[in-house]
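Peer 1: Questions regarding the structure given below will be posed in turn.
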Amino acid sequence: MSASGFLIYGANGYTGELIARQAKLQGLQPVLAGRNRGKLEALANELGFAYRVFALETPAQIAAQLTGIETVLHCAGPFSATAAPMMAACLQAKVNYLDITGEISVFEHAQTLDAAAKQAGVVICPGVGFDVVPTDCVASALKAALPDATQLALGFDSRSSFSPGTAKTSVEGLAQGGKIREGGVIKTVPLAAKTRRIDFGNGEKLAMTIPWGDVSTAYHSTGIPNIEVYIPASPALVSKLKRLNWIRALLGLGFVQAFMKKQIEKKVRGPSESVRSQARTYVWGEARNASGASKTARIEVPNGYTLTVHAALAVVAHLEHYKGPGGAFTPSRLVDANLICRLPGAGALQLQ
């Protein structure tokens, strides 16, 4: 890939920097971009990359910075604020758009741009990291194994700590409540609305529903109309989240959000390299049809941040030789359901 082939926006952030460093190891030459000149310049000089400093203001201003770029890998969250202007700029500049979001609203917005992306001949594919590559691939594999499935449950067990950007997104999510898809429609439900016991691949555990991106993407990948996503949770955590439902409206107030995000900036740094190298993640899925038949899938993958680095660069590489149509895609539809199995450190996908 040429030096100007792709641009990493938010390269000075936690995950963006990890991706930039891995790109260097793979012999790639991305252009680094972001708002913080000092941090960006230091990283670019260290890695020997070109860089561009610009904020995400209007689409026209962003598009002017994308000259010579084929693909943007957008890594600056919270994506609820940053994705829409970058997507609009990519459409205007006729540049492919990728990001590492897990936010349902971003995935749904991307789907509304499908016709515009087809007309522009560009790919829009959010969620090319841990959110949502492994679960999206599991969803597509289950759909292939049980084509008439009407119910889909997905989930993962990861003990990794959050990066600052992910933590801020989670704070926003508290105020927005839980999310499931029912009858093809995304519905807001209470936090920890449902619980069940699940063996994600390392023993059965109590699990609760969360508003994960697959509530959007798995539907667009599979057409299955009823979707829930689960993670392990202690009884104490389930009870705490259920209590938060009573004050959820207060959590969305501007000054409350600002306070919580300020605390994150002071205290959250993201997992260290040693933690990332040791922490494994177990991904699970279950599909059921109207007659009660079911299929279950499991796969063990690396830590979410490590997986995000390799998955994002794998999709960038896929686009380098992509000759298909433009449009809005999910990762498994853009690449294939076996993408997860080809990433470094991933195990085999087991279907039962």
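The values are calculated or read from the model by the stated rules, or taken from the named source; none is laboratory data. Quick caveat, the model's predicted, so the values are computed rather than measured. Cβ placement follows ideal geometry from the backbone for every residue including glycine, while neighbour counts extend to all protein chains displayed. Only protein heavy atoms, including side chains, enter the accessible area calculation; ligands, DNA and RNA are left aside. Shrake-Rupley method; radii C 1.70, N 1.55, O 1.52, S 1.80 Å.
Peer 1: Hey, can you rank 187-193, 296-302 by average C-beta count inside 10 Å, highest first?
Peer 2: 296-302, 187-193
Peer 1: Can you tell me how much longer the chain between Arg243 and Ala50 gets when fully stretched, taken as 0.36 nm per residue apart minus their C-alpha distance, in nm with one decimal? The partial results should precede the final answer.
Peer 2: On the way: separation 193, 0.36 × 193 = 69.48 nm, distance 4.92 nm.
Result for the pair: 64.6 nm of gain on full extension.
Peer 1: Arrange the residues Glu70, Glu273, Glu103, Glu41 by how much accessible surface each exposes, largest first, with a 1.4 angstrom probe.
Peer 2: Ranked from most to least accessible, the order is Glu273, Glu70, Glu41, Glu103.
Peer 1: Could you give the length gained on full extension between Lys39 and Lys194, defined as 0.36 nm per residue of separation minus the Cα-Cα distance, in nm?
Peer 2: Numbers: separation 155, 0.36 × 155 = 55.80 nm, distance 4.28 nm.
Residue separation times 0.36 nm, minus the Cα-Cα distance, leaves 51.5 nm.
Peer 1: Filter Lys39/Lys118; Lys24/Lys118; Lys143/Lys242; Lys187/Lys323; Lys143/Lys187 down to the pairs with a C-alpha to C-alpha distance above 29 Å, please.
Peer 2: Violating the 29 Å limit, Cα to Cα: Lys39/Lys118; Lys24/Lys118; Lys143/Lys242; Lys187/Lys323.
Peer 1: Distance from a point 7 Å along Cα→Cβ of Tyr322 to each backbone N in segment 122-147: keep the residues under 12 Å and list them by number.
Peer 2: Zone members listed by number: 122-128.
Peer 1: Compute the angle between helix 235-244 and the longest alpha-carbon principal axis of the chain, please, reported from 0 to 90 degrees and rounded to the nearest 10.
Peer 2: Around 70 degrees separate the two axes.
Peer 1: Applying 1/(1 + (r/R0)^6) with R0 = 25 Å to the Cβ-Cβ distance of Ser234 and Arg21, what FRET efficiency is obtained, to the nearest 0.05?
Peer 2: 0.10
Peer 1: For the Cα atoms of the chain, what angle does the longest principal axis make with the long axis of helix 304-320, in degrees from 0 to 90, nearest 10?
Peer 2: 60 degrees
Peer 1: Here's another thing I want to ask about it. Apply the a/c threshold of 1.5 to the C-alpha gyration tensor of segment 1-159 and tell me whether it is rounded, prolate or oblate.
Peer 2: In terms of gyration-tensor shape, prolate.
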